[in-house]
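**Student:** Structure incoming, see below.
The values are calculated or read from the model by the stated rules, or taken from the named source; none is laboratory data. Every value quoted in this text rests on a predicted model; they were computed, and no experiment measured them. Here the Cβ positions follow ideal geometry from the backbone for every residue, glycine too, while neighbour counts run over all protein chains shown. Remember, those area values only see protein heavy atoms, side chains included, never the ligands or the DNA or RNA. Shrake-Rupley method; radii C 1.70, N 1.55, O 1.52, S 1.80 Å.
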Amino acid sequence: MLEHLLSPSLDVVNGYVSELSARDQPFHMIYSGGDLVTGVLSIIVAGTALTTLRRRFWSTVGWTFLGLFGLCAIGDALFPLDCAPSLETWCALRERADQVSFSHSFHSVTSSAVITCGVVALLTLSIAARRYGWWPALARFGWLLAVVETVFALGTVVAMLAGEWLGILQRIQIIILCLGLLTIAWALWADWRAARRAPHGRPVQARETTSR
């Protein structure tokens, strides 16, 4: 959301979102800082959920992948691109000639892992919500956001091969992922609020029936 103000020269239509945090860009620390904060908070939420909420198979898988999502987001911050290929021709040539740093090359791994872990976390948590009768917001919207995110993730692969529209598809993809994280946050908030209203502060999840 800040790129139109801080980085208007980057190509929104065809450029990688990761170019915003490339080392040679003037505000790269702001964008990398966002990735770092997101990663740390995701790990804290996942760790807290695993240690305080009732554990079932699908929820455990979901929180684990949310933690891995956070770890990969930190990796995005720690291993930025060297430069912006869509903005600088010399950078694109160096990239094609494989004359970039390990950080530049490894960034594609962490970025792909972020999306993969985010989708798996959202999907498995929505399965847990529907299967165990938890978190109505996730049960209703989580799976849908995961499916749409997967479709756009595949679309970015096609756009990457075609060399067009990659920037637009990536930005939509990130918006959907953010909506998924907000849905998880809303589900936890609603669960916490309901638990406070329950007799003796009993967690809502503890009332799940054994038949499920």
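**Student:** Could you please tell me the mean projected area of the C-alpha convex hull for region 128-205, averaged over all directions and given in square nanometres to one decimal?
**Tutor:** 5.2
**Student:** Roughly what % of Cα-Cα distances in region 1-137 sit above 27 Å, to the whole percent?
**Tutor:** When every Cα pair of region 1-137 is considered, 32 percent fall beyond 27 Å.
**Student:** So, one more: Which residue, SER18, SER101, SER32, tops the fluctuation ranking in a GNM of the chain built on C-alpha contacts under 10 Å?
**Tutor:** Looking only at SER18, SER101, SER32, the biggest GNM fluctuation is shown by SER101.
**Student:** Suppose all protein chains stay in the model; what accessible area per residue would a 1.4 Å probe give for region 52-107, in Å²?
**Tutor:** 53
**Student:** What Cys residues in the chain have no fellow cysteine's beta-carbon under 4.7 angstrom?
**Tutor:** CYS72, CYS117, CYS178
**Student:** So what's the back-of-envelope 222 nm ellipticity for the chain, counting only DSSP H runs of four-plus at -39500 (n - 2.57) apiece and dividing by all residues, rounded to 500?
**Tutor:** Using -39500 (n - 2.57) per qualifying helix, the result is -23000 deg cm²/dmol.
**Student:** Right, something else. How big, on average over all directions, is the shadow cast by the Cα convex hull of region 65-194, in nm²?
**Tutor:** 8.5
**Student:** Which whole-angstrom value gives the distance between the alpha carbon centres of region 20-34 and region 152-177?
**Tutor:** Each part's Cα centre sits 20 Å from the other's.
**Student:** Cut-off 10 angstrom, C-alpha nodes, Gaussian network model of the chain. Which of GLN99, GLN25, GLN173 fluctuates the most?
**Tutor:** GLN99
**Student:** For the chain, calculate the relative contact order in percent as a whole number, restricting contacts to Cα pairs under 8 Å that are 6 or more residues apart.
**Tutor:** Contact order relative to length: 22 percent.
**Student:** Report the full-extension gain for the segment PHE102 to VAL12: residue separation times 0.36 nm, less the Cα-Cα distance, to one decimal in nm.
**Tutor:** This chain segment gains 29.9 nm when fully extended.
**Student:** Here's a follow-up. Report, to the nearest whole %, how much of the accessible area of the chain belongs to carbon and sulfur atoms, 1.4 Å probe, protein only.
**Tutor:** 69
**Student:** Using Cα atoms only, what is the angle between the long axis of helix 102-132 and the major principal axis of the chain, expressed in degrees (0 to 90) to the nearest 10?
**Tutor:** Value to nearest ten degrees: 20.
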